[in-house]
1. Filtering the range 103-114 down to residues that are part of a helix (DSSP H, G or I) and touching a helix residue (DSSP H, G or I) at 6+ places or on another chain (Cβ under 6 Å), which residue is surrounded by the most Cβ atoms within 10 Å (Cβ to Cβ)?
2. Does Arg51 meet the test of being farther than 21 Å from Ala21 by Cα and not in a loop (DSSP other than H, G, I, E, B)?
3. Within the range 48-76, how many residues turn out to be under 20 Å from the mean Cα position of the chain (by Cα) and of a type in the set (Gly, Ala, Ser)?
4. Out of curiosity, is Arg23 crowded, with 17+ Cβ neighbours inside 10 Å and more than 24 Å from Val4 (Cα to Cα)?
5. Scanning for something in a helix (DSSP H, G or I), at negative phi and touching a residue at least 12 places away in the same chain (Cβ under 8 Å), does the range 80-90 turn up at least one residue?
6. Sort out which residues of the range 33-49 are touching a residue at least 40 places away in the same chain (Cβ under 8 Å), farther than 18 Å from Asp105 by Cα and of a type in the set (Gly, Ala, Ser), and write them in order of number.
7. In the range 1-32, how many are part of a helix (DSSP H, G or I) and either among the small types (Gly, Ala, Ser) or touching a residue at least 60 places away in the same chain (Cβ under 8 Å) (or both)?
Amino acid sequence: MSAVSVEERRHWMGVLARAGAGRIRERLGAVPPLPAHVRLRGPEIGLSMLRGRAGGDGAPFNLGEMTVTRCAVRLEDGTVGHAYLAGRDLPGAELAAVLDAALQDPARRPGLMDAVVTPLAAEQAEAKASMARKAAATRVRFLTMANMR
C-alpha cells in the first residue's frame, strides 16, 4: 500500500466525522460495496473533556465535557480504520471507520474520494459559507465609535 499523507487522511476523516450516517449512506450508493470488516472497538459512546485557555494563551482549564462516539475496525487485508465523531451517531462512526480503512487502499481511494468525500466536503463548505453570509448580514458597525479614534 502506498503511504497516505497526514493531511489527506486528516481531510477525509474530518469530512466523514461531520457528515453523519445518513449523508454517508446516500453517497455510498454510487460505489461498489465496502469491504468486509471486523470491529476492533465499538462503536461506543463516551465523554471527552474539552479544555480551554483564557484569552487563547492563558493557563488551560477544563471547559466541560462533550459526547463523542468512536469506532475502530480492521478490513480483511489488515488495514485499520478509526473514527471519532461529536455526538451519538453509532452507525456514522462505524461507516466513517470503514471508509477510513478503505480510503487507505490506493486502488479504492480515487473512486471513494470522487463519489463520497469530495461531494460531502463541497456540501459542508457551502453550509459553512451560507452560515457565514447569514452572520455577516447581522453584523453591527458602530461608525461613531470608529470615527472617534
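Read-outs: derived from the displayed coordinates by stated rules, not from any lab. Note that this is a predicted model, so its numbers are computed, not measured. All Cβ positions, glycine included, derive from the backbone under ideal geometry; neighbour counts span all protein chains shown.
1. Initial filter on the range 103-114 (part of a helix (DSSP H, G or I)): 103, 109-114.
Now drop any that are not touching a helix residue (DSSP H, G or I) at 6+ places or on another chain (Cβ under 6 Å), which leaves 103, 109, 112.
Numbers: Leu103: 24, Arg109: 17, Leu112: 21.
Only one residue fits best here, namely Leu103.
2. On the way: farther than 21 Å from Ala21 by Cα: yes; not in a loop (DSSP other than H, G, I, E, B): yes.
Considered against the rule, which asks whether it is farther than 21 Å from Ala21 by Cα and not in a loop (DSSP other than H, G, I, E, B), Arg51 comes out as yes.
3. First, pick out the residues of the range 48-76 that are under 20 Å from the mean Cα position of the chain (by Cα): 48-51, 65-74.
If we keep only those that are of a type in the set (Gly, Ala, Ser) too, we end up with 48, 72.
So the answer is 2.
4. Details: crowded, with 17+ Cβ neighbours inside 10 Å: yes; more than 24 Å from Val4 (Cα to Cα): yes.
For Arg23, the condition - crowded, with 17+ Cβ neighbours inside 10 Å and more than 24 Å from Val4 (Cα to Cα) - is met.
5. Of all residues in the range 80-90, those in a helix (DSSP H, G or I) come to 90.
Remaining after also requiring at negative phi: 90.
Filter once more, keeping what is touching a residue at least 12 places away in the same chain (Cβ under 8 Å): 90.
Looking for residues that are in a helix (DSSP H, G or I), at negative phi and touching a residue at least 12 places away in the same chain (Cβ under 8 Å), one finds at least one in the range 80-90, hence yes.
6. Answer for the range 33-49, where residues must be touching a residue at least 40 places away in the same chain (Cβ under 8 Å), farther than 18 Å from Asp105 by Cα and of a type in the set (Gly, Ala, Ser): just Gly42.
7. The first filter runs over the range 1-32 and keeps only residues part of a helix (DSSP H, G or I), leaving 6-19, 21-28.
Then drop every residue that is not either among the small types (Gly, Ala, Ser) or touching a residue at least 60 places away in the same chain (Cβ under 8 Å) (or both), which leaves 9, 11-19, 21-25, 27-28.
Qualifying residue count for the region: 17.
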